[in-house]
1. Of the residues B:A253, B:A216, B:A163, only one is under 26 Å from B:L310 (Cα atoms) and free of Cβ contacts under 8 Å to residues at least 24 places away in the same chain; which?
2. In segment B:67-98, which residue that is of a type in the set (A, V, I, L, M), within 21 Å of the chain's Cα centre (by Cα) and more than 9 Å from chain A (Cβ to nearest Cβ) is farthest from A:A135 (Cα to Cα)?
3. So for segment B:232-239 (the condition being surrounded by 14 or more Cβ atoms within 10 Å (Cβ to Cβ) and either assigned to a helix (DSSP H, G or I) or at pLDDT 85 or above (or both)), does at least one residue qualify?
4. Run B:D197 past the list (1) without any contact (Cβ under 8 Å) to a residue 60 or more places away in the chain; (2) assigned by TED's automatic domain parsing to the domain that holds B:R141; (3) in contact with a Ser or Thr (Cβ under 9 Å, 6 or more places away or on another chain) and report the number of the one that doesn't hold.
5. Check off (1) in contact with a helix residue (DSSP H, G or I) (Cβ under 6 Å, 6 or more places away or on another chain); (2) crowded, with 21+ Cβ neighbours inside 10 Å for B:Q328 and give me the number that stays unchecked.
6. Provide a single number: the residues in segment B:100-110 that are facing another protein chain (nearest Cβ under 9 Å) and either in a loop (DSSP other than H, G, I, E, B) or in contact with a Pro (Cβ under 6 Å, 6 or more places away or on another chain) (or both).
7. From the list B:A11, B:A19, B:A89, B:A54, exactly one residue is of a type in the set (G, A, S), in a helix (DSSP H, G or I) and at pLDDT 95 or above. Which is it?
8. Considering segment B:216-231 alone, what residues qualify as being loosely packed, with under 11 Cβ neighbours inside 10 Å and closer than 19 Å to B:R254 by Cβ?
Amino acid sequence: MSERKDEKWLDDELRRVVDGAAPEFDAETWKRKFPDEFQALVSRGRQDVQEQRGGRRRIVRLRFARPLVGLATAAAIVVVAAVLFVGPGQHEPQDLPGGSQPAAQSPAKIVTMMSLSMAFRQGGTEALNRQFDEALRKLGPRPNGVSVANLLGDLES
Amino acid sequence: MRLCVKKKILATVVLLYLASSLASVAQAYPPDPDNAALVYYQAFLLCEQQDEEARDALSEFAKGERAVSDEIREHVGRCQAAVESGTAAAGMQHCNWGLRYSQGFSMQLPHLAPVRLLHWIILSDARLHAADGDYRTAFDRCLDVRRMAQHVGDDTLISMLVAVALDRSANARIRDFLSDSKADVETLQWLKDQMADMSGKLPSARRPMGYEREIAMEIMRPEKRDQLVKVLEGTGAEITEEQLAMADEDFLARNRAYYSEFLTELQTALGAPGGYEQRYRRLNELVEQMARASNTDTSATLTATFAPGLAKIYNQQVLAEANANVTQAAVDICIIRATTGTLPQKLPAGLPKDPFSGRDFEYEREDNGFVLRCRARDLVKDTVHEYSLPAQ
């Protein structure tokens, strides 16, 4: 598939979607017209599921994905269509409940340089020691008793 | 003659073979890490998970406030892997905790709380060895904690405060064991040599002050305004829109200049000739002046927030020095007692001095031991420290 042919194909599809009175994406026609791209998309979907299970596979696949111009073009069509389908405003990412910031403060905040310095300034070594005790209570030490047998057991289960 | 040459050749070949065999054994696995921090982190992971009650019991035992019990023995026994890793780390030369200075005041110091726990465990182990009559190992554990204190070091003022607290704690246990009067002359002499090697290596406030200055100056730049607001909010400060609007380029420039000048004055006072009292009073005076200025002069606003409580920090440093010096002096006195069977009539010459007064410690013999006393007041605690070493 040449680059020029790609562009024409893409232009036609875009024109059909954008100029239409009601935005529509005829998946069945597109599937019949471009069976190779359809197969590529389907297999990509399967690969995505696998990627979620293993980060290493993702890196390798992304490197090889770059030259697949046809696949990228097909993906672009789907994205454009999807944007037009959902309509303005609806595609904006929804805020998570409680805003984009995590609702709870990280317990690790109590061991920052500023937090520890303030504790000392306000209450001297006693206050600093109390804060360290609190840090031990909240952050560590880590659970012990993890033997090699336990680890292997976890891996097998 | 020919036979002799043959023998020499044969011997050389055998030696070369042995040397190459040993080298290949040595190269069979990678070397241990040369960064003590990595081994300390392993020790932290090997510390037994404890509830608050168990932790309190351990720290009280380590401080000598609780008697030996089966429960403590069992608990310390379960922490032996941590003790082994911790003491191995303490014996290493180089220690880099991997602190992320680029995070400025948000930099996390997660190693400090576990370091305190590890030092309690190691000092508890030391007490158990002393209780069993193994003073050499007991002293060695205390020296390991002192080495650990040097590793905690003076990367930041907070690290330095933890380091001097650890060092004081270890010195207090050494004095406890000296009081038992059961250590032999050879062990005491060994202890004296070890302590002489550590002399003068206590963390001081001067180096971390330089780092803190850089960190604070960096955050007072206009491009770091958001970070500054976050740090200020982290201190519990409520920042209004009005105040935010006020924190313009000019405000930050004035604050940077004020902070820089103030820190220079603090550093000068810290390094100025003179004794403890003079330095402490000057540091306090500077802090009070700045606090008063911050009420009326907005150039001092950020300095009032970020400037370290240096007078108190300096006091902790001097107190740790007093503890180290008095312990060294006590070891010398105990060597005399172990050699002659009696305590010296007066303080031997040439012993480390009381840093509060700059003079020799006051020495007093008692019926059941001796006391070493500072000759000037600790101006924060308003007390004269004295260190009693009763014979058990």
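The values are calculated or read from the model by the stated rules, or taken from the named source; none is laboratory data. Predicted model, so just to flag it, every value in this text is computed and none were measured. For neighbour counting, all protein chains shown are included, and Cβ atoms are generated from backbone atoms with ideal geometry for every residue, glycine included.
1. Values: B:A216 fails: free of Cβ contacts under 8 Å to residues at least 24 places away in the same chain; B:A163 fails: free of Cβ contacts under 8 Å to residues at least 24 places away in the same chain.
Result: B:A253 is the single residue among B:A253, B:A216, B:A163 that is under 26 Å from B:L310 (Cα atoms) and free of Cβ contacts under 8 Å to residues at least 24 places away in the same chain.
2. Filtering segment B:67-98 for residues that are of a type in the set (A, V, I, L, M), within 21 Å of the chain's Cα centre (by Cα) and more than 9 Å from chain A (Cβ to nearest Cβ), the one farthest from A:A135 (Cα to Cα) comes out as B:M92.
3. Yes - at least one qualifying residue is present in segment B:232-239.
4. (3)
5. (2)
6. At the first step, the residues of segment B:100-110 found to be facing another protein chain (nearest Cβ under 9 Å) are B:103-110.
Those left that are additionally either in a loop (DSSP other than H, G, I, E, B) or in contact with a Pro (Cβ under 6 Å, 6 or more places away or on another chain) (or both): B:107, B:109-110.
Of the residues in segment B:100-110, 3 are facing another protein chain (nearest Cβ under 9 Å) and either in a loop (DSSP other than H, G, I, E, B) or in contact with a Pro (Cβ under 6 Å, 6 or more places away or on another chain) (or both).
7. Going through B:A11, B:A19, B:A89, B:A54 in turn, just one is of a type in the set (G, A, S), in a helix (DSSP H, G or I) and at pLDDT 95 or above: B:A89.
8. Answer for segment B:216-231, where residues must be loosely packed, with under 11 Cβ neighbours inside 10 Å and closer than 19 Å to B:R254 by Cβ: just B:E223.
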